[in-house]
Every structure is written in structure tokens, then in C-alpha cells.
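Read the figures in this text as sums done on the coordinates, not as results from a lab. Bear in mind that the values here come from a model prediction, so they are computed numbers and not experimental data. We place every Cβ from the backbone using ideal geometry, glycine too, and count neighbours over all the protein chains shown.
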Amino acid sequence: MAGFAARLLDWHARHGRRGLPWQGSRDPYRVWLSEVMLQQTQVATVIPYYERFVARWPDVQALAAAPLSEVMALWAGLGYYARARNLHRCAQGVVAEHGGRFPTSGAALAGLPGIGRSTAAAIAAFCFDERAAILDGNVKRVLARHFGIAGYPGVAPVERALWQRAQRLLPPAAAMPAYTQALMDLGATVCTRRSPCCDRCPLRATCVARRSGRVAQLPAPRPPRALRIERAHLLVALCRGRVLVEQRAPQGIWGGLFSLPQFASAAALHRALAGLGGSEPPQPLPMRRHAFTHYTLSFTPHVARLPAAVPLPAGARWLRWGEVHTAALPAPVRRLLVELAPMAQAPRAASGSG
């Protein structure tokens, strides 16, 4: 481990990433926001979302005061929507319980909603120079390869070994912001999952995986598991240039977002359509699939035109087509509606119905 941090810091001074919108900030609000958005999401995807969030809500007080529906709408398309709900809860907790100021220690930060140990450590290191180890996916890969730590990092014994290594490698407090960023950058740009650039790595001379020819084997992948397939039918009910959407329950997949009414069977969808005044059979479209972490959603859209708007149940609303790009919709639902827009906005006579 001798010189690990020094080599990493020297490499980062010359080759680290520059110009990311959250880099160099000591504002815990902005660091927290970026760290939450970057969980399981690529930097290029995060940047426009981050910029829109800080433009709309420049501090934690503004975010805490925002309606959750607006937060979800701006988050829509970024995925893993529990992050957005926890983001809002955390902002409200910081305002209500900490006077609008983030705690300054990793341990206290980890007690806030949606902030795990690694995210808390990153905030504490970047903003308060705390000697706290991070262990996101990139860092796990760097440490597993460099020290030859076998096994899948998601199992407890392997994760404990990685945390112990990470903690023992920390430099003095003053170097923590640069060191933390250097670890992230090395994993993101050099020690990548596929096709790592070992010849450019500042740690190559002491890397166990490189010396033993196990770079491709470390860290061990997640053990395979059969993903279940959940089938559903989505109603695309059209009326006078609008489409029917309903707000999903706060918890679960797509929690709090607006989506198309979803049913377990085509028969249930037909019954609901009749209750909305639909007299013509809906047009089923080709089945689509959307993969989640633990299962795949296989859904069939059914397009129906309603003769007139009818009273809607609580949580449902008519969405104008001009709102499709900005409403809090799940990404696959938004894509479907964008594809259907030309047909949906065509006059009824041109569609051949009614």
C-alpha cells in the first residue's frame, strides 16, 4: 500500500477529469445532489439533470419547499425514482432538523434519508475534509483489482474487506477532496469494467490483478439469477388532444410519477374503458419491454378514443400532448407517447374512428 495515495494524487493532478459542473464545490447541497444523481447513472446523463435542478432550486431550502410533484417531473427519465423521493425528504429534514445546514460528519450525514455510507463519506470529504472512505462501484473495482480481492463485492465478507482497505489508504485530511475525486476518476476513466487502460494506470506497478493476469476476472460479477417477467396492459385513452394519466402510489416502481392506467389483464382494461364511456374496442399495439433491476416489465399498450371527457378518479388527470416532454412520466411511457403523438393528435375522422 506504500505510496498508493501519493501516486493517485500525482496522477489526478495531471490527468483527472476537469470541468464537471459540481467539481470544486464545497457546497454540501451541490455535492450531495451530484452524488445522489451519479448513483448507478453515467456522468453524461447526469449533467443536464444536475444543471436543471440547481437552476430551479439553488439551495436546500428551495428544494425542501418545492412540491414533490415538481421534483419528480424534473427527475423523470433519470431512473431509480426512489432517489428523487429521498432527495426531497432529505432536503426537508435538513431544513426542519438542522436549520438548513447539512451535518459536517459522515456519520451524521449517513442518518439522513437516501444517504448511504459512501455518499455520506464523499460529502464529508469534499466539503469538510473528513478522512472518510468512499466505496462506490468504481472504487470497489479499483481496490478489488489492485489488492486481488476475490469474490462478488455485493456480499458482506468481500464488502467488509474492501471497506477495511479503503479506510487504511486514506491520506491526510487536507488531501481528502482531491484523493476522493482521484479514486472516482480512476475507476471511471482508466480502471473501467470493460477494456481497462492498464498502461495508463498510476497503480499498475503494484496491481495484483495485472501481475496475475486476472484483470478481466476481478471483481467477480454478480452471481446470475433468473429475473421474473411481469406482464401488464396499459391504457392509452385519448380525448380531444389529451391522454389520460394517473399518479402511481408513492412507493414502488415509478412511485409518485404519472403513468398510463395499468392493468393485469386485457379484460380488466376493457372493463375500465367501458367505465370511462368507451364504446369501441381499443387497438392493441405490439408488446414492449422495460428492464428494471429485479424484473422485466412486459407491457401491451391499448389505444382507445373517448367521445368526451368524463369525471376521473382521484389522482387521474388529462395530460395535453404539449406537456408530455415535461410531465413527471416514466421514461418508457414518455417514449411511447412521443411515438403516438402524430396519430393521437390527428383528427378523429382521419383515424377512421367515430
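Where does each of Ser279, Ser195, Ser34, Ser105 land when they are ranked from fewest to most other beta-carbon atoms within 10 angstrom?
Ser195, Ser279, Ser105, Ser34
Where Rh denotes the Kirkwood radius from the mean inverse Cα pair distance, what is Rg over Rh for segment 228-347?
Using only Cα positions, Rg/Rh for segment 228-347 is 0.93.
Can you sort Cys197, Cys127 so the residue with the fewest Cβ neighbours within 10 Å comes first?
Cys197, Cys127
Per 0.36 nm of contour for each residue apart, how much would the distance between Arg52 and Ala308 grow if the chain were fully extended, relative to their Cα-Cα spacing?
88.5 nm
Given Cβ point charges of +1 (Lys, Arg) and -1 (Asp, Glu) and nothing else, what value in debye, to the nearest 20, does the dipole of the chain about its Cα centre take?
Using Cβ point charges on Lys, Arg, Asp and Glu, the chain gives about 1000 debye.
Go ahead and collect, in residue order, the members of segment 227-256 whose backbone nitrogen is under 12 Å from a label point 7 Å along the Cα-Cβ direction of Arg271.
none
Which ordering of Val190, Val310 is given by a fewest-first count of other beta-carbon atoms within 10 Å?
Fewest to most other Cβ atoms nearby, the residues stand as Val310, Val190.
Taking 0.36 nm per residue of separation and subtracting the Cα-Cα distance, what length does fully extending Gln251 through Leu227 add?
Taking Gln251 through Leu227 to full extension adds about 6.5 nm, to one decimal.
Give me the net charge of His12's neighbourhood, meaning all other residues with Cβ under 11 Å from the Cβ of His12; Lys, Arg count +1, Asp, Glu -1.
After counting each charged neighbour, the total is +2.
Which values, in whole Å and largest first, are the semi-axes of the equivalent ellipsoid of segment 151-253 obtained as the square root of 5 times each eigenvalue of the Cα gyration tensor?
Whole-Å semi-axes of the equivalent ellipsoid: 43, 20, 17.
For the chain, list log₁₀ I(q)/I(0) at each q in 0.10, 0.15 Å⁻¹, using the Debye formula over Cα point scatterers of equal strength and ignoring solvent, two decimals each.
The Debye formula, applied to the Cα set alone, gives -0.74, -1.22.
For segment 1-140, restrict the atom set to alpha-carbon positions and state the Rg and Dmax in Å.
15.3, 50
Dipole of segment 135-270, Cα-centred, from +1 at each Lys and Arg C-beta and -1 at each Asp and Glu C-beta, to the nearest 20 debye?
The calculation lands at about 440 debye.
Within 10 Å of each candidate Cβ there may be at most 16 other Cβ atoms; applying that plus a DSSP loop requirement, which chymotrypsin sites (Phe, Trp or Tyr not before Pro) in segment 71-174 survive?
Passing sites in segment 71-174 are Tyr80.
In debye, nearest 20: dipole of segment 214-354 around its Cα centre with unit charges on the Cβ of K, R (+) and D, E (-)?
360
Which percent, to the nearest 5, of DSSP beta bridges fully inside the chain are antiparallel?
So the antiparallel bridges amount to about 60 percent of the total.
At 222 nm, what helix-only mean residue ellipticity would the chain give, in deg cm²/dmol to the nearest 500, using -39500 (n - 2.57) for each DSSP H run of four or more?
For the chain, the value works out to -13000 deg cm²/dmol.
When only C-alpha pairs under 8 Å and at least 6 residues apart count, what is the relative contact order of the chain, in percent?
16
Lys and Arg at +1, Asp and Glu at -1: add these up for the other residues within a Cβ distance under 11 Å of Arg289 and post the number.
Summing Lys/Arg as +1 and Asp/Glu as -1 gives +1.
So what's the net charge close to Arg210: Lys and Arg +1, Asp and Glu -1, counting the other residues with Cβ under 9 Å from its Cβ?
+4
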